1. Sum up the charges of everything whose Cβ sits under 10 Å from the Cβ of residue 2, counting Lys and Arg as +1 and Asp and Glu as -1, but leave residue 2 out.
2. Quantify, in whole percent, the carbon and sulfur part of the accessible surface of the chain (1.4 Å probe; protein heavy atoms only).
3. Putting +1 on Lys and Arg Cβ atoms and -1 on Asp and Glu Cβ atoms, find which of 33, 18, 77 reaches farthest to the positive end of the dipole of the range 18-117.
4. Comparing 33, 75, 97, which has the greatest mean-square fluctuation in the GNM of the chain with Cα pairs linked when under 10 Å apart?
5. Could you pull out every one of the aspartates and glutamates with an alpha carbon less than 17 Å from that of residue 87, ignoring same-chain neighbours closer than 8 positions?
6. How large is the dipole of the chain about the Cα centre if only Lys and Arg carry +1 and Asp and Glu carry -1, each at its Cβ, rounded to the nearest 20 debye?
7. Please list, by residue number, every one of the trypsin sites (Lys or Arg not before Pro) in the range 63-124 that is coil in DSSP and has at most 16 other beta-carbon atoms within 10 Å.
8. Counting only C-alpha contacts under 8 Å and six or more residues apart, can you give the relative contact order of the chain as a whole percent?
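The values are calculated or read from the model by the stated rules, or taken from the named source; none is laboratory data. Quick caveat: nothing in here was measured; it's all calculated off a predicted structure. A quick note on method: Cβ atoms are made from the backbone with ideal geometry, for glycine too, and the neighbour counts reach across all protein chains shown. Remember, those area values only see protein heavy atoms, side chains included, never the ligands or the DNA or RNA. Shrake-Rupley method; radii C 1.70, N 1.55, O 1.52, S 1.80 Å.
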Amino acid sequence: QVQLVESGGGLVQAGDSLRLSCAASGRTFSAYAMGWFRQTPGKEREFVATISGSGSRIYYADSVKGRFTISRDNAKNTVYLQMSSLKSEDTAVYYCAARNGVVATTDYYNYDYWGQGTQVTVSS
(Lines give C-alpha, C1' and ligand atoms only; values in the text may rest on other atoms or scores of the structure.)
Protein backbone atom coordinates (compact mmCIF):
# COMPACT_ATOMS: atom_id res chain seq x y z
CA GLN A 1 0.00 0.00 0.00
CA VAL A 2 1.23 3.49 -0.88
CA GLN A 3 -0.01 6.70 0.64
CA LEU A 4 0.39 9.90 -1.37
CA VAL A 5 0.15 13.41 0.00
CA GLU A 6 0.23 16.40 -2.32
CA SER A 7 1.18 19.91 -1.31
CA GLY A 8 2.05 23.23 -2.88
CA GLY A 9 -1.22 24.25 -4.48
CA GLY A 10 -2.62 27.73 -4.16
CA LEU A 11 -3.84 30.88 -5.85
CA VAL A 12 -1.49 32.54 -8.30
CA GLN A 13 -1.70 35.00 -11.17
CA ALA A 14 -1.33 34.16 -14.83
CA GLY A 15 2.33 33.92 -15.76
CA ASP A 16 3.42 32.89 -12.28
CA SER A 17 5.11 29.67 -11.27
CA LEU A 18 4.20 27.06 -8.69
CA ARG A 19 5.74 23.80 -7.56
CA LEU A 20 3.66 20.87 -6.43
CA SER A 21 5.11 18.10 -4.30
CA CYS A 22 3.86 14.61 -3.65
CA ALA A 23 5.30 12.65 -0.77
CA ALA A 24 4.91 8.88 -0.83
CA SER A 25 5.07 6.36 1.97
CA GLY A 26 5.18 2.62 1.70
CA ARG A 27 7.39 0.33 -0.31
CA THR A 28 10.38 1.19 -2.47
CA PHE A 29 9.50 4.42 -4.19
CA SER A 30 11.57 3.69 -7.29
CA ALA A 31 9.38 0.65 -7.97
CA TYR A 32 6.53 2.97 -8.92
CA ALA A 33 6.00 5.08 -11.96
CA MET A 34 4.41 8.36 -10.92
CA GLY A 35 1.99 10.66 -12.63
CA TRP A 36 0.25 13.98 -12.24
CA PHE A 37 -3.33 14.44 -13.35
CA ARG A 38 -5.80 17.27 -13.01
CA GLN A 39 -9.53 17.63 -12.94
CA THR A 40 -12.07 20.42 -13.14
CA PRO A 41 -15.75 20.12 -12.20
CA GLY A 42 -17.79 18.21 -14.74
CA LYS A 43 -14.77 16.98 -16.67
CA GLU A 44 -12.80 13.77 -16.74
CA ARG A 45 -9.47 13.50 -15.03
CA GLU A 46 -6.81 14.76 -17.44
CA PHE A 47 -3.25 13.51 -17.83
CA VAL A 48 -0.56 16.11 -17.14
CA ALA A 49 2.80 14.36 -16.80
CA THR A 50 4.36 11.01 -15.93
CA ILE A 51 7.80 9.79 -14.95
CA SER A 52 9.21 6.27 -14.85
CA GLY A 53 10.55 4.65 -11.71
CA SER A 54 14.14 5.60 -12.44
CA GLY A 55 13.22 9.00 -13.84
CA SER A 56 14.65 8.16 -17.25
CA ARG A 57 11.34 8.32 -19.12
CA ILE A 58 9.09 11.37 -18.99
CA TYR A 59 5.97 12.29 -20.94
CA TYR A 60 3.83 15.41 -20.92
CA ALA A 61 0.44 16.41 -22.16
CA ASP A 62 0.70 18.72 -25.15
CA SER A 63 -1.11 21.42 -23.20
CA VAL A 64 1.70 21.69 -20.63
CA LYS A 65 4.76 20.76 -22.68
CA GLY A 66 7.46 23.38 -22.35
CA ARG A 67 5.82 24.92 -19.26
CA PHE A 68 5.67 22.08 -16.73
CA THR A 69 8.49 19.85 -15.52
CA ILE A 70 8.04 16.60 -13.64
CA SER A 71 10.88 15.22 -11.55
CA ARG A 72 11.42 12.80 -8.71
CA ASP A 73 13.80 12.30 -5.84
CA ASN A 74 13.77 8.61 -4.97
CA ALA A 75 15.88 9.21 -1.88
CA LYS A 76 13.15 11.48 -0.53
CA ASN A 77 10.19 9.46 -1.85
CA THR A 78 8.89 12.58 -3.54
CA VAL A 79 7.74 13.58 -6.99
CA TYR A 80 7.46 17.19 -8.09
CA LEU A 81 5.62 19.17 -10.69
CA GLN A 82 7.20 22.51 -11.49
CA MET A 83 4.65 24.68 -13.25
CA SER A 84 5.68 27.85 -15.04
CA SER A 85 3.91 30.40 -17.24
CA LEU A 86 0.65 29.38 -15.67
CA LYS A 87 -2.58 30.10 -17.51
CA SER A 88 -6.14 30.36 -16.29
CA GLU A 89 -6.92 27.08 -18.05
CA ASP A 90 -4.45 25.35 -15.73
CA THR A 91 -6.88 25.92 -12.89
CA ALA A 92 -7.85 22.50 -11.51
CA VAL A 93 -7.42 20.07 -8.68
CA TYR A 94 -4.09 18.34 -9.25
CA TYR A 95 -3.68 14.72 -8.25
CA CYS A 96 -0.55 12.69 -7.76
CA ALA A 97 -0.75 9.00 -8.68
CA ALA A 98 1.43 5.91 -8.42
CA ARG A 99 1.28 2.69 -10.34
CA ASN A 100 2.69 -0.72 -9.52
CA GLY A 101 5.49 -0.93 -12.05
CA VAL A 102 8.26 1.33 -13.28
CA VAL A 103 6.90 2.04 -16.75
CA ALA A 104 5.40 5.48 -17.16
CA THR A 105 1.93 5.63 -18.65
CA THR A 106 -0.47 8.41 -19.54
CA ASP A 107 -3.70 6.49 -18.82
CA TYR A 108 -5.25 7.26 -15.45
CA TYR A 109 -6.83 3.79 -15.13
CA ASN A 110 -3.35 2.25 -15.03
CA TYR A 111 -2.61 3.94 -11.72
CA ASP A 112 -3.21 2.13 -8.47
CA TYR A 113 -2.85 4.81 -5.81
CA TRP A 114 -4.02 8.40 -5.67
CA GLY A 115 -3.48 11.38 -3.43
CA GLN A 116 -6.26 13.57 -2.12
CA GLY A 117 -5.56 16.37 -4.58
CA THR A 118 -4.42 19.96 -4.24
CA GLN A 119 -6.20 22.96 -5.71
CA VAL A 120 -4.39 25.21 -8.15
CA THR A 121 -6.17 28.40 -9.12
CA VAL A 122 -4.73 30.76 -11.71
CA SER A 123 -6.32 34.17 -11.96
CA SER A 124 -6.11 36.10 -15.20
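1. +1
2. Heavy-atom surface of the chain belonging to carbon and sulfur, 1.4 Å probe: 46 percent.
3. About the Cα centre, the residue reaching furthest to the positive side is 77.
4. 75
5. Cross-link targets: 16, 46, 62.
6. It works out to roughly 240 debye.
7. 65, 67, 76, 87
8. Once normalised by length, the contact order is 37 percent.
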